[in-house]
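Taking it in order: structure first as structure tokens, then the write-up.
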Amino acid sequence: MAEQLLIDGKWIEGTTGDRIPVVNPSTGEQLATVADGSPIDVYQAVQAASAAQKQWAATSPRERAEILRNCWQTLLNHRDELAKLITLENGKPLADATGEVTYAAEFFRWNSEEAVRLHGTIGSAPSGANQILVRHPPIGVVVMITPWNFPAAMITRKVAPALAAGNATVIKPSELTPLTALRVAELCESAGVPPGVINVVPTSAPADWFDAAVEHPATRMVSFTGSTNVGKILLRRSADRVLKVSMELGGNAPFIVFDDADIDQATAGAMTAKMRHSAETCTAANRFFVEQSAVQEFTEKLTTAMNAVTVGDGLNPDTTCGPLINQQAVDSIDQIVQSSIADGATLTAGGSPIEGTGHFYKPTVLTNVEPSAAITQHEIFGPVATIIPFTNTGDMLRHANNTELGLAGYVFTSDVGRGMNVSEQLEVGMVGLNRGSISDPAAPFGGMKQSGLGREGASDGIYEFCETQYIAVSW
Ligand code: NAD
């Protein structure tokens with residue numbers, strides 16, 4: 001197992017010799033320890049990336065494309081092994097982990113196709129005096145910081161387009177799930193990525209790590225996925241060096257059910273949008289706005305579906321919801337649920353932690369939630385669905401948009417015209433219309449408002465990792 005720092009193609013112990021324990025959230029057992037990177041290690045990693053980047057950028061787009069396609073194939077060849085690793089350190093059910101590996105790998109295939117189509121433009125100046133030629137060179141060294149909820153995909157969604165454009169990277173995976181990141185990097189090197197182009201430096205001291213990365217003059221961009229609060233800290237620090245930033249931050253998705261919707265389809269969509277990956281996704285449905293005349297049927301069907309969820313160790317093939325990442329997550333979700341009940345919400349399923357080993361919480365449904373209740377302003381990040389009845393579409397939309405977060409939203413209705421109209425009025429970067437799942441490497445992923453800056457995936461994703469240079473040319 002890859003358990004050291006990957007710097008300049010070499011596996012090394014950190015300068016301090018300290019190790020970070022990695023724990024299985026289902027059992028509480030220690031799985032491994034990984035080397036704990038210090039500020040000196042990060043600085044060296046940026047140095048290595050800077051040296052490697054120049055040669056990498058000088059390779060032909062076709063050569064980069066073929067290496068990236070090889071990464072796609074290599075990750076797929078190791079899908080079962082990687083899925084098991086994800087389940088062990090993150091806890092999500094094996095089926096979700098397997099889906100994550102397929103999704104993570106696909107960013108390499110998609111961006112291998114983008115690498116050879118990274119076009120600029122040329123046009124005449126309005127005066128006719130010259131041509132305006134626009135090209136998109138790579139930025140240089142990109143520092144990437146990623147969360148624990150998708151230990152593989154949140155890395156490949158950044159690495160694949162960054163490499164396609166000719167950049168090199170230094171990655172700080174979450175200290176809770178570093179094993180997948182290290183193994184993915186090892187597989188990418190075996191697929192042909194040259195030494196130094198991908199460096200991985202886990203740490204138990206993220207703020208010091210980031211300071212060292214920002215201080216290195218070769219660092220030119222910060223690409224972050226994680227909570228809005230940490231994103232704001234990184235934005236402030238990045239401003240000191242006017243670094244380019246891309247931010248994929250938290251969500252608080254509304255899930256809207258009109259009474260003309262197929263309620264079975266809406267329930268299935270709700271279970272996908274709420275519960276996949278142990279209900280710990282940034283796009284998770286967080287507030288269920290249900291038209292009053294459909295509330296009873298939807299609540300009954302969602303309650304039945306939530307009661308049928310099998311919570312347990314993700315390695316068990318029957319498990320459909322794994323543990324939360326740690327005890328702190330269990331405690332904070334329970335506190336939100338209990339205060340919501342105290343505020344008048346009605347509990348129809350779950351409502352408490354599961355006693356015993358591991359960090360498990362019962363799939364929970366709360367109904368009769370007031371649109372302005374405190375729970376509606378939290379990104380719950382766990383298996384709790386809150387149902388908010390509505391009668392007036394305009395009022396409902398005001399409440400749905402009454403949050404500083406705007407990542408994803410969902411609309412269920414049999415009237416597609418109404419669905420499009422409501423989708424357009426949602427202040428979110430991504431909408432699922434009669435769909436509970438929206439992530440796709442071919443689509444632009446990202447949020448409005450405080451859910452982020454920039455987009456990952458689609459052809460937008462590669463341009464995030466490019467500069468724009470214009471040459472005024474006369475001939
Ligand atoms: P987090 O913000 O706590 O941590 C994310 C990463 O930032 C981790 O690697 C962590 O070590 C690092 N970090 C924390 N403090 C830091 C600091 N001061 N300096 C530098 N790095 C620091 O988030 P999390 O708990 O790992 O993940 C859950 C959050 O991520 C949720 O809010 C979720 O919505 C969000 N998320 C967003 C997307 C998206 O694409 N928009 C995807 C997945 C997760």
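Tabulated data
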| item | result |
| --- | --- |
| Environment charge of K362, counting only residues whose C-beta is closer than 11 Å and scoring Lys/Arg +1, Asp/Glu -1 | -2 |
| Normalised contact order of the chain, rounded percent, pairs of Cα under 8 Å and 6 or more residues apart | 19 percent |
| Average accessible surface area per residue within region 97-193, 1.4 Å rolling probe, Å² | 27 Å² |
| Candidate lysines for bridging to K232, where Cα separation is under 23 Å - those fewer than 8 sequence places away on the same chain excluded | K158, K172, K244, K449 |
| Neighbourhood net charge (11 Å Cβ-Cβ; Lys/Arg +1, Asp/Glu -1) for D260 | -3 |
| Longest to shortest principal axis, alpha-carbon extents of region 198-291, angstrom | 57, 24, 20 |
| Accessible surface of the chain [probe 1.4 Å, protein heavy atoms]: carbon and sulfur percent | 51 percent |
| Pairs of alpha carbons in the chain whose separation is greater than 35 Å (percent) | 33 percent |
| Trypsin sites (Lys or Arg not before Pro) restricted to DSSP loop in region 357-463 with at most 14 other C-beta within 10 Å | R435 |
| Value of D in µm² per second that Stokes-Einstein yields for region 58-140, Kirkwood Rh from Cα pairs, at 4 °C (1.567 mPa s) | 84 µm²/s |
| Antiparallel DSSP beta bridges within region 253-440, as percent of all bridges there, nearest 5 | 15 percent |
| DSSP-defined antiparallel bridges as percent of all bridges, the chain, nearest 5 | 40 percent |
| 222 nm mean residue ellipticity, helices alone, for the chain (DSSP H n ≥ 4; -39,500 (n - 2.57); rounded to 500) | -12500 deg cm²/dmol |
| GluC sites (Glu not before Pro) lying in DSSP loop within region 1-88, provided at most 16 other Cβ fall within 10 Å | E13, E29 |
| Interchain or long-range residues, amide H under 5 Å from D259's placed H | E291 |
| Charge tally in the Cβ shell below 13 Å around G140, where Lys, Arg are +1 and Asp, Glu are -1, G140 excluded | +3 |
| Segment S190-K10, length gained on full extension (0.36 nm per residue, minus Cα span) | 63.5 nm |
| Protection-proxy order for peptides 148-158, 349-359, 313-323, each taking the mean of Cβ atoms within 10 Å per residue, highest first | 148-158, 313-323, 349-359 |
| Partners for K10 among aspartates and glutamates (Cα-Cα distance below 17 Å; same-chain residues under 8 apart left out) | D36, D41, E186, E189 |
| Percent RCO, i.e. relative contact order, over region 168-228, from Cα pairs under 8 Å lying at least 6 residues apart | 40 percent |
| Heavy-atom surface of region 219-324, accessible at 1.4 Å and reported per residue (Å²) | 35 Å² |
| Region 275-333-region 24-74 distance, computed between alpha-carbon centres (Å) | 34 Å |
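The values are calculated or read from the model by the stated rules, or taken from the named source; none is laboratory data. Just so it is clear, the model here is predicted, and its values are computed rather than measured. When we count neighbours, we look across all protein chains shown, and the Cβ atoms used for this are built from the backbone with ideal geometry, even at glycine. We work out accessible area using only protein heavy atoms, side chains counted, and drop any ligands, DNA or RNA first. Shrake-Rupley method; radii C 1.70, N 1.55, O 1.52, S 1.80 Å.
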